[in-house]
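Worksheet: one structure, shown below.
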Amino acid sequence: AIGVAGDRRLMATIGEALAAAQSQIDRQDAQYLLAGLTGSSRAFLLAHGERDLSGQQAAQFAKHVAARATGVPVAQILGRREFYGRDFVVNAHVLIPRPETEILVEQALALVSGNKCLKTHDPPCVLDLGCGSGAIAVTLALELPDAKVTALDQSLDALRIAQQNARTLGASVSFIKSDWYRALTGRKFDLIVANPPYIAAHDPHLSQGDLRFEPPQALTDNSADGLDAIRTIVTGARAHLHDGGWLMFEHGFDQAERCRALLAQHGFAAIASVPDLAGIPRVTMGQHLPTPAV
């Protein structure tokens, strides 16, 4: 076990600290925790195992390891998570950004940069529904500096974190407190993106691993199939999209077919799902085309 604050025998060097930590937590988790604490890369730690840690670093690392051993996510312990090459502040009030959500960002960028949204709206208007930490909205605002990005969430705690991330990273984003579209009367956008809760209410994963420590409302909508939030998003989207605009959202590994059917049911065109690196469909999208004149 890792020693307490004053125990320098076990915590004398980087290598010894990592070796001791690995008796309690995963090897990579130990490396990420110590890298985050020291401001070094994992590669640096592995190459300089003989270097001493200060007493303060040793004590803090011991606390981090103890927290991780109880299941607290690494990102919450460090208070940040990298997303699309940038560090975002996170805490227990927001969903920890996942690598698969970068697929949503990449597809959004491809649509806007490729000018596939209606050309008459310049600059393009983008809406992020349920923004959480702001990772999606802030990233889109920084990657598309000419776009007007709006982000909403019903949680004030989440909005505070998102606003902090926008300020720190220098992103221009308008934030709104809203339960999905409720505060957006009359407003329309060229692109709506969302990473909504989509885990079914009784999915055992909710009581396992890191998910135990993340906000339940960001993980599940408490429906039997996990699709109630997506139904709300799809049902209300056409009223808030310009003609030619797009809706895209992340979903669960087994929900793509039902999401495509839902988009078709509500009159969307050019419906498609995009897989992650493992070939699992993770993002589904559709275009809102004007209703043909009779």
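Points worth noting:
- The chain: calculated mean residue ellipticity at 222 nm from DSSP helix runs of at least 4, using -39500 (n - 2.57): -10500 deg cm²/dmol
- Inter-part distance where the range 170-242 and the range 53-85 are each reduced to a Cα centre, Å: 29 Å
- Largest GNM mean-square fluctuation across ASP128, ASP228, ASP254, computed for the chain with C-alpha springs under 10 Å, falls on ASP254.
- Phi angles of the range 52-61 translate, via the Karplus equation with coefficients 6.51, -1.76, 1.60 and θ = phi - 60°, into HN-Hα couplings of 6, 9, 6, x, 5, 5, 4, 5, 5, 4 Hz per residue; Gly and Pro are given as x.
- Probe 1.4 Å - accessible area at GLU143, Å² to nearest ten: 70 Å²
- Axis of helix 156-169 versus longest Cα principal axis of the chain: the two differ by about 80°, to the nearest ten degrees.
- Beta bridges per DSSP with both ends in the range 7-161, % antiparallel, nearest 5: 50 percent
- On the basis of the beta-carbon distance and an R0 of 25 Å, THR13 and LYS63 show a calculated FRET efficiency of 0.85.
- Remark: relative contact order (the chain) = 13 percent; criterion is Cα-Cα distance under 8 angstrom and separation of 6 or more residues.
- Rounded percent of accessible protein surface that carbon and sulfur make up, the chain, 1.4 Å probe: 51 percent
- Amide H contacts of ILE176 (H built 1.01 Å from N, in plane; Pro and chain starts excluded): ALA151, LEU152, ASP153 sit under 5 Å, all sequence-distant by 5 or more or on other chains.
- Gyration tensor (alpha-carbon) shape descriptor, the range 122-178, a/c threshold 1.5: oblate
- With both residues required to sit in the chain, DSSP beta bridges show an antiparallel share near 45%.
- SER23-ILE280 FRET efficiency (beta carbon distance; Förster radius 35 Å; 0.05 resolution): 0.55
- Sequence ranges 157-168, 42-53, ranked by mean other-Cβ count within 10 angstrom, highest first: 157-168, 42-53
- Applying 1/(1 + (r/R0)^6) with r as the Cβ-Cβ distance of ASP210 and SER174 and R0 = 30 angstrom yields a FRET efficiency of 0.45.
- Label-point gap, in nm, between ARG98 and ALA110 - each point 7 angstrom along Cα→Cβ: 2.0 nm
- Helix 256-265 vs. the chain, principal-axis angle (Cα, 0 to 90°, nearest 10): 30 degrees
- Near SER172, once Lys and Arg are set to +1 and Asp and Glu to -1 for all other residues with Cβ below 11 Å from its Cβ, the sum equals +1.
- Cα gyration tensor, the range 149-294 - rounded (a/c under 1.5), prolate or oblate: oblate
- Taking every C-alpha pair closer than 8 Å and separated by at least 6 residues, the mean separation divided by the residue count of the range 72-182 gives a relative contact order of 23 percent.
- Accessible area per residue for the chain, computed on protein heavy atoms with a 1.4 Å probe, is 47 Å².
- Lys-Lys pairs in the chain that are eight or more residues apart or on separate chains and whose Cα atoms lie under 24 Å of each other come to 7.
- Acute angle (nearest 10 degrees) that the helix 101-113 long axis makes with the longest principal axis of the chain, alpha-carbon atoms: 40 degrees
- Rounded if a/c under 1.5, otherwise prolate or oblate - the range 37-107, Cα gyration tensor axes: oblate
The values are calculated or read from the model by the stated rules, or taken from the named source; none is laboratory data. Only a predicted model underlies this, so the values are computations on that prediction, with no experimental measurement involved. Here the Cβ is made from the backbone with ideal geometry for all residues, glycine too, and neighbour counts use every protein chain on show. Note: accessible area is taken over every heavy atom of the protein model, side chains too, but ligands, DNA and RNA are not part of it. Shrake-Rupley method; radii C 1.70, N 1.55, O 1.52, S 1.80 Å.
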